[in-house]
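Novice: Before I ask anything, let me first share the structure, which is written out below as C-alpha cells.
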Amino acid sequence: MSEQKHEWGTKVGVILAVAGSAVGLGNFLRFPGQVWQNGGGAFMIPYFAALLLLGIPIGWAEWTMGRYGGRKGFHSAPAIMGVIGKGPIFRYAGIVGVLIPLAVFFYYNIIESWCLGYTWKYFTGAFTLGEAADVRAQVGASVQHFQAFTGAEADGSLFTGNLFDTTTGFWLVTLAVNIYLLYRGLSGGIEKLCNYAMPAMGIIAIVVLVRVLTLGTPDPTHPDYSVGTGLGYMWNPDFAALGNAKTWLAAAGQIFFSLSVGFGVIINYASYMKRKSDVVLSGLTATATNEYFEVAMGGMIAIPAAYVFLGPMITEVPQGTFGLGFQTLPVVFAQMPLGNLFGGLFFLMLFLAAITSSLSMLQPTLAFIQEALGCARKTAVSVVVGVTLVGNLFILNYSKDAVAQDTIDFWVGTFMIFVLAAFQVIAFGWVFGIERGWKEAHEGARIRIPGFYRFIIKYVSPVYLLTVFVFFCKDNLATEWTKMQSNPAGRMAMGLVLATAAGLVVLTALGARRWRAQGLDVDGARPPDDELPPARTPSQPAGRRS
Amino acid sequence: MDMLTTLAPLASLLALSPGGWAFMLVSIGFVLTLVVWCFKRVLSDDDDIEVPPASLGG
C-alpha cells in the first residue's frame, strides 16, 4: 500500500513498543490515587478481576484483528475494522481508532513537554520552592509555578516572554523529537526508542523507588510521617469499599485506560506483524509490562513519598492526576535530601513514559493517510505534522484552566475509548466469529489461551464493558456536556474534534473507493491471500505440483 | 489516556497493617511473576520475525 513495506525488527521490539504506548502518566500518578480512593489494598480484587475479564481478553482480540488486517494489506483501524466487521458500519466506526490517538496527541504532547520542562529545571537547579519556607508556603509556590508554566492563568500567556520559562519552548523540542522519530519509521524510530526508553524507565523507577522506601521518618517532630504509614495510608484494605459499585467501576476504568485497549494503537502496531508471528504471548507480555510499571512502581512511589513529607497535609494540595505529579511532588522533592536529583529523575521517568506513548499516537494516523491517499510516507508525515501543529497550537493558546485540554481528554481520551473497544469486541466475538477469531489468534502462538476465554471474550467482556460504559455515562455525561457548553474554549475544542472527525470520514470514503479499485478485500468477504491455494501458471496443468 | 481524578479525604494514620502488607505483596508478587514468566518465554523462543534490511523501517 505504501512505497515500502514496514515491519517490526524483533519480537521484543513490538512488545516494548506496545507496552511503551500503554505505560504513561496514568501508571505513576492515576493508579495510586485510585487505590487510595477506593478501598486501599481491597481495590486490587476488582482491579485484577477487570484485568482478567476485560483488559487481557480485549487486548488479545485487538492484537489478533490487527495482525489479520495486516495480512489483508491494511494497517489503519477503519480499513481493518471494515474487514473484521464485514462492511461500512464497522469501517466508519473504525475512524474512532484514528481520531482517538490523533486528538489525544493534541494535548498529550503538551503534558509531555511539562515533564521535559520539569526535568530540565530540576537538573539545572532552576526549580526552587524556597527550601527554608514552611511546607504550606512551598505548596503555594508549587501551585503558582505550575499555573505560570502551563499558562493556566490566562489564554495566550504561553506565547509571551521567554519561551523556556513556560511550556512553549519545551513543546517545540518534544514536537521535533516526536516528528523525527516518526519520520524514522517503525523499526528505526519507534522500536529503537522503546528498546532504550523502556529499560531506562525501569531502572530510573527502581532508583526512585529505593530512595522513597529508604526515607524512613525524616521529621522527628512527626514520627507518624513515615514510609510505613505512607504505605499503610495507601494499601491498608477497606473491605467495605467492595460493596460499593463505584469501586468495581473505578477498577475496570483504571484497567481499561491503563492498557490502552480501544485506543487504536495496538490494532495498528499488530498489523505490521507476520502471519506466523505470535500475538498471544506478545499481548500478554505487553500487558504484564504495563502492570509491572503500574502496580510495582506506581503503587509504591508517589503517594507514600508525598505522605512521608506532607502527612495529612497531602489532602490540602491540589490533587488529580496532574495535581499530584506537578504540584504535590515538587513540594516533596523540596523536602527530600538530593531533591533536585530525584526530582529530575522522577520527571525524566515521566517524560520517557510520555514520549513512548505520544509517539504511538501519531503512527495510526500516518498509516491511515498513507493508506487512504496512497501517498508516500514523507507526504503523510507532512500532513500529520500540519494537523498536530493546529491541535497543539490550539491547546497552547487556550490554556486557561486547561478547559480545552480537559474537554478533549474527556470526550475523546475517555468516552470514545469505550466506544471503540465496544465495537472491537463485538466485531471480533460476534461478526468475525469467536471460533474463527480463536483460530486466528493461535496462528503461530507460543502459548494457548485457556479455553474458557472463548466464553469470556464472546459474552463476559462485552457485558462487563457495556455495564461499565452505561454507569460511566450516567455518572459523567450530563456534567461534562454542561461543562463543555458553558465555556467558549470547551466549545471550540469540541469543534476541533468534530472537524478532525469529519476530515477522517472523507478520507475513509476516499480510501474505500481506492482500495476497491485496487481489488483489495475491503469488506472481508474472502480469506487473506496467504490462505488461498497457490495460483496455477498456464504451463502448470491442474493436479500437477511443482 | 488519563482521566483526571480527585483524591479521597484522609483515610487513616495507621501503619501498614498485616492486611495491607498482604495485599501489597501479593499484588506486586503477581505482576512480577507474570512479567518475568512472559519475558522468559519470549526470550527463550526463536525470534520468528525476520529482521528487515536496514533500508526498511524508515
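Novice: Select, from A:Phe28, A:Phe90, the only residue that is touching a residue at least 24 places away in the same chain (Cβ under 8 Å), in a helix (DSSP H, G or I) and closer than 15 Å to A:Phe293 by Cα.
Specialist: A:Phe28 is the lone residue from the list that is touching a residue at least 24 places away in the same chain (Cβ under 8 Å), in a helix (DSSP H, G or I) and closer than 15 Å to A:Phe293 by Cα.
Novice: A further question on this structure: Filter the range A:153-168 down to residues that are of a type outside the set (D, E, K, R) and buried (at least 17 other Cβ atoms within 10 Å of the Cβ), then give me how many there are.
Specialist: Looking only at that region, the number is 5.
Novice: Which of the residues spanning the range A:442-463 are over 21 Å from the mean Cα position of the chain (by Cα) and touching a residue at least 60 places away in the same chain (Cβ under 8 Å)?
Specialist: A:His442, A:Glu443, A:Gly444, A:Ala445, A:Arg446, A:Ile447, A:Arg448, A:Ile449, A:Tyr453, A:Ile456, A:Ile457, A:Val460
Novice: If a residue must be of a type outside the set (S, T, N, Q) and more than 17 Å from A:Ala22 (Cβ to Cβ), how many such residues does the range A:187-199 contain?
Specialist: The number of residues fulfilling the criteria is 4.
Novice: How many of the residues in the range A:190-217 are among the small types (Gly, Ala, Ser) and either surrounded by 14 or more Cβ atoms within 10 Å (Cβ to Cβ) or within 10 Å of chain B (Cβ to nearest Cβ) (or both)?
Specialist: The number of residues fulfilling the criteria is 3.
Novice: What number goes with the only condition from (1) surrounded by fewer than 24 Cβ atoms within 10 Å (Cβ to Cβ); (2) in contact (Cβ under 8 Å) with a residue 24 or more places away in the chain; (3) part of a helix (DSSP H, G or I); (4) small (Gly, Ala, Ser) that A:Ala61 does not pass?
Specialist: (1)
Novice: Being touching a His at 6+ places or on another chain (Cβ under 9 Å), of a type outside the set (A, V, I, L, M, F, W, C), more than 30 Å from A:Trp430 (Cβ to Cβ) and facing chain B (nearest Cβ under 10 Å), is that true of even one residue in the range A:35-53?
Specialist: No, the range A:35-53 contains no residue that is touching a His at 6+ places or on another chain (Cβ under 9 Å), of a type outside the set (A, V, I, L, M, F, W, C), more than 30 Å from A:Trp430 (Cβ to Cβ) and facing chain B (nearest Cβ under 10 Å).
Per-residue answers, yes or no, for (1) closer than 26 Å to B:Gly20 by Cβ; (2) more than 12 Å from chain B (Cβ to nearest Cβ):
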| position | (1), (2) |
| --- | --- |
| A:Ala288 | yes, no |
| A:Glu291 | yes, no |
| A:Leu324 | yes, no |
| A:Val332 | yes, yes |
| A:Gln335 | yes, yes |
| A:Gly344 | no, yes |
| A:Leu348 | no, yes |
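Novice: Quickly run through the range A:1-25 and pick out the residues that are more than 7 Å from chain B (Cβ to nearest Cβ) and part of a helix (DSSP H, G or I).
Specialist: Within the range A:1-25, A:Gly13, A:Val14, A:Leu16, A:Ala17, A:Val18, A:Ala19, A:Gly20, A:Ser21, A:Ala22 meet the criteria.
Novice: State all residues of the range A:218-242 that are more than 10 Å from chain B (Cβ to nearest Cβ) and free of Cβ contacts under 8 Å to residues at least 60 places away in the same chain; if no residue qualifies, say none.
Specialist: A:Pro220, A:Thr221, A:Pro223
Novice: Right, something else. Between a residue in the range A:117-142 that is more than 15 Å from A:Val332 (Cβ to Cβ) and at pLDDT below 90 and any residue that is buried (at least 22 other Cβ atoms within 10 Å of the Cβ) and basic (Lys, Arg), which pairs come within a Cβ distance under 8 Å, given they are 6 or more apart or on different chains?
Specialist: none
Novice: Here's another thing I want to ask about it. Restricting attention to the range A:143-155, which residues are part of a helix (DSSP H, G or I), of a type outside the set (Phe, Trp, Tyr) and in contact (Cβ under 8 Å) with a residue 40 or more places away in the chain?
Specialist: A:Val143, A:His145, A:Thr150
Novice: Go through the residues of the range A:19-36 one by one and say whether even a single one is of a type outside the set (Gly, Ala, Ser), at pLDDT 90 or above and either farther than 29 Å from A:Gly232 by Cα or more than 18 Å from the chain's Cα centre (by Cα) (or both).
Specialist: So far as the range A:19-36 goes, no, none of its residues is of a type outside the set (Gly, Ala, Ser), at pLDDT 90 or above and either farther than 29 Å from A:Gly232 by Cα or more than 18 Å from the chain's Cα centre (by Cα) (or both).
Novice: Please tell me if A:Tyr122 is in a helix (DSSP H, G or I), out of contact with any Leu (no Cβ under 9 Å at 6 or more places or on another chain) and either among the small types (Gly, Ala, Ser) or at negative phi (or both).
Specialist: In short, no.
Novice: Which condition from (1) away from chain B (no Cβ under 13 Å); (2) under 23 Å from the mean Cα position of the chain (by Cα); (3) in contact (Cβ under 8 Å) with a residue 60 or more places away in the chain is the one that A:Ser187 breaks?
Specialist: The one condition A:Ser187 does not meet is (1).
Novice: Moving on to the next point. What residue, of B:Ser27, B:Ser17, is facing chain A (nearest Cβ under 7 Å), over 19 Å from A:Glu291 (Cα atoms) and modelled with pLDDT of 50 or more?
Specialist: B:Ser17
Novice: When you scan the range A:8-23, do you find a residue that is surrounded by 23 or more Cβ atoms within 10 Å (Cβ to Cβ), of a type in the set (D, E, K, R), out of contact with any strand residue (DSSP E or B) (no Cβ under 6 Å at 6 or more places or on another chain) and under 28 Å from A:Gly202 (Cα atoms), even just one?
Specialist: No, that holds for no residue.
The values are calculated or read from the model by the stated rules, or taken from the named source; none is laboratory data. Since we're looking at a predicted model, the values are computed, not measured. Virtual Cβ from ideal backbone geometry, glycine too; neighbours counted across all protein chains shown.
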